[in-house]
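The values are calculated or read from the model by the stated rules, or taken from the named source; none is laboratory data. What you see is a predicted model; the values in this text were computed from it and never measured. FYI the Cβ positions are ideal-geometry reconstructions off the backbone, even for glycines, and counts take in every protein chain you see.
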Amino acid sequence: MPYTHVLGYPRIGARRELKFALESCWKGETNTEQLEEVAARLRLAHWQRQRDAGLDLLTAGDFTLYDHVLDHALMFGALPRRFRSVVGETGTATVFALARGTSTEPALEMTKWFDTNYHYLVPELERGMSFELDARRYLEHVREAQAVLPGVKPVLLGPVTFLWLSKTVDGSDRLALLPGLIGAYRGLLAELAAHDVAWVQVDEPVLGLELDEPWKRALRQAYEALQGAPRPRLLAATYFTGIDHQLDLVRELPVDGWHIDAVRAPQQAQTVAQALDGEQVLSVGIVDGRNVWRTHLGDALARLRPLHERLGERLWLAPSCSLLHVPHSVAQESRLDPEVRRWLAFADEKLDEVVTLARALEHGEDAVRERLAESDASLASRRHCRRIPHATVAKRLQQLHPRMAERAKPYAERQQLQRQALDLPVLPTTTIGSFPQTPEIRRARAAHKQGRLGAYDYLQTMRAEVRRAIEEQERLGLDVLVHGEPERNDMVEYFAQHLFGFAISEHGWVQSYGSRCVKPPILYGDVFRPDPITVDTARYAQQLTDKPVKGMLTGPVTMLQWSFVRDDQPRERTALQLALAIRDEVQDLEAAGIRIIQIDEPAFREGLPLKASEWPAYLDWAVRAFKLASCGVRDDTQIHTHMCYSEFHDILPAIAALDADVITIETSRSRMELLDAFRDFAYPNAIGPGVYDIHSPRVPGVDEMLALIERACEVVDPARLWINPDCGLKTRGWAETRAALANMVHAARLMRERLTARRPTDVAV
């Protein structure tokens, strides 16, 4: 029977136990020992679930209190120099110091894990850095798993991928550090061999990229060096795309097996199988680890049979990638639409799918006849559901015209009209949108959801919070205000609740970073907006102040990326449906008197295919979708967008093509490094680089923010600069929010004074 395993399992717990334990510890309500107890119980439960599902190998080493990349950095002794004087031993306190910052040091930079909404912490390396192995915590987890089932497969982030994901703070070559890093890996593999570990999964997702020759040489160098060490057998794991363009490396690297993603790249299964030698195993990721739709088991079996005939026991089965990216179990979703529910498979159900496929290959279809019939019925139900297609949506798509995705005037002319309409100072201050989601807000939302708080009382409660947000911003002296979004549980889910074509789970949480979890909506059908969503609230907020209030929306690409999206039509078509729905909302906001409308696209870069050669096609329809959503307004209406931690250097032409009047970006953790790219490219429109990190509880001082604003003014014309935090303030408390925003406004005013002293004629924005 083919070996069955997973590449990783959700960490946070079926009821988000890890999230709540972390946040309780950070608040001082519990201690680290209690946190570790919760973590240990979760690991045990997750291994027991894998064992009980019938998997042959348990996966260990994938659990973390915050981020697995950070854990690897600390395990190999890659502690940034700037933290060495403020942290002690590499324990839990050190993890949190690097992840959340200290009173004196900002946290590590955070960015997206390939093309997912998971955020990892970027290791900081430097020339001559030595690596010292400390694998006590990692090995403890391996031993815990072996007590549940002897067959344990630890997971390691591969050495080359680790370096790829890292940055050097001194501009040196990351690859120069590879020999020293390999020494640490050799030591760890030797310890794992001593712990009777037969197989180690070494994740090298960089193999899916179109690598330059130095990085290919690094892969050869790394695995040749590991070959000579006493070690378990190595399963090189790749995912999120195909590696059939790297068949030379598949043939050359001295590893004992390969894992491939046969969902994102089904065509590679046969080609990679042909490239193996006569002893290597092939782990086929046949169950989708990134989405929630049930596997069509009959189709999967048809694809697997030729591989099984060719490889026999050398064929392993698994999900396509770690199950970190999907919720725990459909069994918890008692309130979900029953028809939609039968179409779904979360992590636990995917374990069962993998085992079912292995049994069918080994014992024949009769052994799993009932499971195959359930799969066929689910597919038929979804295929014939009358709620999925919508004639009006199809008609609107047919009537699209290129002019609908263009503003009437170019930016330079719009800028003059917007200056006259808005009358803002140089370096206008604003926030990204959300304000603290207090316990009171959360309790009111829960009471309304449960029917204990009526619609009118809930509306009044939310309006009181909007009034509070407006009053706080006016006291702080911000120039452009927001309503604070108290009514929104999530920037994607809130809109999905008001759009046709979405279903909302109750417990479908996945980890975004640290304790931050998101609950992606399930996009199953054609999308349209039955009624306005935000207009009444925006109109109410604007009535409370003479200052402009931004209308706050989530863009079509982000709605797409941060949902579990239907797989029965091209993503481009779904994105355009979303764009039309948002376009309707934009036009209604403008008609209600809202002069600034922000359409957030934090996931714009995240959607890029991993292969650069595939970028143009994606960028073409992603830009089109945003412009279709945003371009139906007058030229004196100002369109903003926001993008989260991302490397924008290589897609700046596409970002410019969005033609947003103002783009806000997260730059504080990278100390404005990203702005160099905007200068070199000569980005034409206005920019709001974040001047403080909202993902950390620390409050940066006025001087710290002033230095960042000064740096921004050196790179970008102050006439095109806005001052704002890195992102929304939803996860922060009011005390730190007030303090940080007060410092931000003060820093902006000081910079205005400096500019006025340098140039007597003030610059309007």
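For residues in the stretch 474-493 being free of Cβ contacts under 8 Å to residues at least 60 places away in the same chain and not in a loop (DSSP other than H, G, I, E, B), which is nearest to Arg15 (Cα to Cα)? Walk me through how you get there before you give the answer.
Residues of the stretch 474-493 free of Cβ contacts under 8 Å to residues at least 60 places away in the same chain: 475, 484, 486-490, 493.
Those left that are additionally not in a loop (DSSP other than H, G, I, E, B): 475, 484, 493.
Numbers: Arg475: 39, Gly484: 27, Glu493: 18 Å.
Among those residues, the one meeting the criterion is Glu493.
Hey, can you tell me all the residues within the stretch 388-407 that are in contact (Cβ under 8 Å) with a residue 12 or more places away in the chain and assigned to a helix (DSSP H, G or I)? Before the answer, list the steps.
Initial filter on the stretch 388-407 (in contact (Cβ under 8 Å) with a residue 12 or more places away in the chain): 388-390, 392-394, 396-397, 400, 404-407.
Residues satisfying the conditions are Thr392, Val393, Ala394, Arg396, Leu397, Met404, Ala405.
If you check Leu57 against the conditions, is it closer than 30 Å to Ala367 by Cα, in the same structural domain as Val354 (by TED's automatic domain parsing) and in contact with a strand residue (DSSP E or B) (Cβ under 9 Å, 6 or more places away or on another chain)? Taking the combined requirement at face value, the residue satisfies it. Among the candidates Arg82, Arg127, the residue that is surrounded by fewer than 18 Cβ atoms within 10 Å (Cβ to Cβ), touching a strand residue (DSSP E or B) at 6+ places or on another chain (Cβ under 9 Å) and modelled with pLDDT under 95 is uniquely Arg82.
I'd like the full set of residues that are among the hydrophobic types (A, V, I, L, M, F, W, C), more than 33 Å from the chain's Cα centre (by Cα), closer than 26 Å to Thr641 by Cα and crowded, with 16+ Cβ neighbours inside 10 Å, limited to the stretch 410-469.
The answer is Ala421, Leu422, Leu424, Val426.
Being surrounded by fewer than 22 Cβ atoms within 10 Å (Cβ to Cβ), closer than 28 Å to Leu610 by Cα, free of Cβ contacts under 8 Å to residues at least 60 places away in the same chain and of a type outside the set (A, V, I, L, M, F, W, C) is the filter here, so list the residues in the stretch 181-227 that pass it. Selection gives Asp212, Glu213, Pro214, Lys216, Arg217, Arg220, Gln221, Glu224.
Being surrounded by fewer than 22 Cβ atoms within 10 Å (Cβ to Cβ) and on the phi < 0 side of the Ramachandran plot narrows it down to one residue among Ala269, Ala300, Ala273; which is it?
On the way: Ala269 fails: surrounded by fewer than 22 Cβ atoms within 10 Å (Cβ to Cβ); Ala300 fails: surrounded by fewer than 22 Cβ atoms within 10 Å (Cβ to Cβ).
Going through Ala269, Ala300, Ala273 in turn, just one is surrounded by fewer than 22 Cβ atoms within 10 Å (Cβ to Cβ) and on the phi < 0 side of the Ramachandran plot: Ala273.
For the condition within 20 Å of Glu349 (Cα to Cα) and part of a helix (DSSP H, G or I), what is the one hit in Arg82, Arg51? Working first, answer last.
Numbers: Arg82 fails: within 20 Å of Glu349 (Cα to Cα).
Criteria check complete, one pass: Arg51.
When the stretch 546-560 is filtered for residues that are part of a loop (DSSP other than H, G, I, E, B) and surrounded by 24 or more Cβ atoms within 10 Å (Cβ to Cβ), only Gly555 remains.
Could you check how many residues of the stretch 578-622 are touching a His at 6+ places or on another chain (Cβ under 8 Å) and not in a strand (DSSP E or B)?
Keep residues of the stretch 578-622 that are touching a His at 6+ places or on another chain (Cβ under 8 Å), which gives 596-602, 611.
Retained after the next criterion (residues that are not in a strand (DSSP E or B)): 601-602, 611.
Looking only at that region, the number is 3.
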